[in-house]
1. Got a sec? Which of ARG135, ARG122, ARG80, ARG102 is exposed (fewer than 15 other Cβ atoms within 10 Å of the Cβ) and touching a helix residue (DSSP H, G or I) at 6+ places or on another chain (Cβ under 7 Å)?
2. What is the one condition in (1) touching a residue at least 12 places away in the same chain (Cβ under 8 Å); (2) away from ligand 1 (no atom under 16 Å from the Cβ); (3) hydrophobic (A, V, I, L, M, F, W, C) that LEU60 does not satisfy?
3. Within the bounds of the range 311-323, is there any residue that is under 30 Å from ASP16 (Cα atoms) and within 15 Å of ligand 1 (Cβ to nearest atom)?
4. So which pairs qualify, if the first residue must be in the range 41-53 and in the same structural domain as VAL280 (by TED's automatic domain parsing), the second must be of a type in the set (S, T, N, Q) and more than 7 Å from ligand 1 (Cβ to nearest atom), the Cβ gap must be under 8 Å, and the two must be at least 6 apart or on different chains?
5. Charged (D, E, K, R), part of a helix (DSSP H, G or I), farther than 23 Å from HIS61 by Cβ and not assigned by TED's automatic domain parsing to the domain that holds PRO65: does that describe ARG344?
6. Just one of GLY185, GLY253 is out of contact with any Leu (no Cβ under 9 Å at 6 or more places or on another chain) and either assigned by TED's automatic domain parsing to the domain that holds ILE326 or surrounded by 22 or more Cβ atoms within 10 Å (Cβ to Cβ) (or both); which is it?
7. If I filter the range 339-393 down to residues being hydroxyl-bearing (Ser, Thr, Tyr) and either surrounded by fewer than 18 Cβ atoms within 10 Å (Cβ to Cβ) or farther than 25 Å from HIS443 by Cα (or both), which single residue comes out as modelled with the lowest pLDDT?
Amino acid sequence: MPPNIKTTKDIKIPKDPLERVIGQKRAVKIAKLAAKQGRHLLLVGPPGIGKSMLAQALALHIPKPDHQVNVVHNPQNPERPFIEILNEKQLKNENLKKEILRGKIISPKEAPTFVGERMGFRCAQCGSLSSDRMRACPGCGTNKYGQIRRHSKNSPFGDIITEVFDISTIGPEDVIQTTRVGKSGRDEAVIYERIKGGRIRVLEQEVIEKVRKLNKNLRKKVLIPLKRNPFILATGASETELLGDVRHDPYGGHPEIGTQPYKRVVAGAIHEAHEGVLFVDELPHLEYLQNFILTAMQEKKFPIVGKNPGSTGASVVVKNVPCDFIFAGACNINELNKILPPLRSRIAGGGYEVLLDTTMPDTPENRDKMQQFIAQEIYIDGKIPHATSEGIEEIITVAGKRALKIDNTPQALTTRFRDLSGLIRFAGDLAVSEQSEFIEKLHVKKALYQAKPIEVQIKERYGSMWKGAGKDSFLETDEEGAEGSYR
Ligand SMILES: Nc1ncnc2c1ncn2[C@@H]1O[C@H](COP(=O)(O)OP(=O)(O)O)[C@@H](O)[C@H]1O
Ligand SMILES: [Mg+2]
């Protein structure tokens with residue numbers, strides 16, 4: 001141990017998550033290559049040696065996603081929505097357009113009296129202004145909402161509100177449409193909208209027209225946002241989670257009362273992983289769904305269809321939804337044969353199959369890595385104290401013994417880290433319960449003794465698993481004659 005290390009507090013933890021993966025030199029090298037070249041990965045080995053860690057770190061080494069995917073309303077055939085892919089620049093332009101159409105923001109004081117009253121800013125009794133969240137007027141105490149006179153909604157312009165706003169998201173008095181005499185002397189429509197922060201947005205005729213046009217042309221929903229997590233976990237996913245779905249609408253997508261099909265489209269994990277990493281732990285457990293992953297990898301796009309045959313979503317199809325991802329699959333050695341052969345050959349052909357290491361040579365360099373591992377685990381846990389150099393030394397001794405016992409490798413340290421991490425936590429909890437400032441050698445020794453698997457504990461107490469099982473019911477063993485009557 002370097003003399004300057006007194007406790008795990010003195011150990012630097014690398015920022016790069018790939019550098020935190022210990023004892024898997026070859027796998028880390030390949031993961032870096034896969035990230036750089038956009039290749040797929042199959043990680044094979046027993047649990048707890050860093051497969052998930054590697055896949056996660058890989059996702060942080062690839063370029064940031066630079067496209068947003070939208071589902072766009074198809075006016076000719078609403079059940080066949082379009083896909084639109086926008087890059088960052090195009091997105092900025094769109095937002096700019098929306099910004100221009102934002103209208104004017106005013107305070108409730110500046111709004112016409114009846115607008116202030118209906119939105120709950122102004123008391124119709126005494127005229128004083130207050131927050132729309134206060135029901136009772138602070139001026140005279142009357143219920144502001146109890147006095148609202150309903151205005152007729154008849155307007156020479158018809159009901160513009162449903163064209164300008166998404167009516168499913170606005171409350172009853174959030175938006176008020178009215179008419180006033182414009183600059184030209186003619187009647188014009190005006191819309192007042194209650195917005196956050198107790199303010200009101202005013203949309204005048206000119207802006208309303210533009211918003212109307214924009215909405216007609218651009219009725220769409222963000223399916224995959226530009227800013228997203230590039231790491232998608234699809235372990236144990238169902239078909240809909242993996243491939244997406246179109247939700248049911250009890251009104252069958254009716255243009256007025258229903259929800260348009262494009263709004264009901266839900267992305268699957270393969271789509272969310274577009275320009276990122278799709279990680280499937282325990283890949284063989286996906287069974288037949290592996291076929292779809294293979295197709296998605298080959299085509300780099302996959303349609304979204306309603307999966308429930310009894311639902312109104314079943315008739316909706318969105319073609320060409322992009323899903324260009326790096327695939328990372330993980331699997332135990334004894335389940336390798338349950339991975340679909342064409343999927344394996346696809347990975348091997350466009351990427352790498354890596355067998356992870358279960359031990360690493362016991363060298364000074366790897367002992368330092370082991371220290372780093374212990375420091376990392378303490379850091380991640382956050383609830384246990386640092387370990388002294390003697391505590392560290394003891395954990396490394398355990399790692400050496402396990403390499404020999406489990407993997408039959410002398411002069412080595414185990415890389416079955418999940419188990420070691422359990423030992424560190426247990427020792428840490430003991431240190432906490434003893435109000436010790438550090439994890440000491442003794443805590444590790446005690447933890448090792450107490451953290452025995454339950455089978456071992458039963459054997460030690462009762463002599464065998466079988467005898468232990470008899471202890472489940474006191475009737476069978478403790479009451480006289482009971483044993484006989486149960487046979
Ligand atoms: N190679 C490793 N280097 C550092 N820590 C590891 C390593 N492997 C496992 N761990 C620790 O064990 C935890 C579980 O590891 P994980 O990556 O999920 O294993 P796997 O996917 O192989 O089952 C990790 O979060 C980490 O704390
Ligand atoms: Mg895992």
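1. Numbers: ARG122 fails: exposed (fewer than 15 other Cβ atoms within 10 Å of the Cβ); ARG80 fails: touching a helix residue (DSSP H, G or I) at 6+ places or on another chain (Cβ under 7 Å); ARG102 fails: touching a helix residue (DSSP H, G or I) at 6+ places or on another chain (Cβ under 7 Å).
After applying the criteria, what remains is ARG135.
2. Unmet condition: (2).
3. From the range 311-323, those under 30 Å from ASP16 (Cα atoms) are 322-323; that's our starting set.
Narrowing further to those that are within 15 Å of ligand 1 (Cβ to nearest atom): none.
No, every residue in the range 311-323 fails to be under 30 Å from ASP16 (Cα atoms) and within 15 Å of ligand 1 (Cβ to nearest atom).
4. Filtered contacts from the range 41-53: VAL44/ASN332; GLY45/ASN332; GLY45/THR358; PRO46/ASN332; PRO46/THR358; PRO47/ASN332; ILE49/THR358.
5. no
6. GLY253
7. Going through the qualifying residues, I end up with SER345.
Each row is one residue, and each column tells you yes or no for (1) part of a loop (DSSP other than H, G, I, E, B); (2) farther than 29 Å from GLU88 by Cβ; (3) modelled with pLDDT under 95; (4) within 16 Å of ligand 2 (Cβ to nearest atom).
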{"position": "PRO250", "(1), (2), (3), (4)": "yes, yes, yes, no"}
{"position": "ILE270", "(1), (2), (3), (4)": "no, no, no, no"}
{"position": "PHE279", "(1), (2), (3), (4)": "no, no, no, yes"}
{"position": "ALA328", "(1), (2), (3), (4)": "no, no, no, yes"}
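The values are calculated or read from the model by the stated rules, or taken from the named source; none is laboratory data. Everything numeric in this text was worked out from a predicted model, so none of it was measured. Don't worry about glycine lacking a Cβ; one is built from the backbone with ideal geometry, like all the others, and counts go over all protein chains shown.
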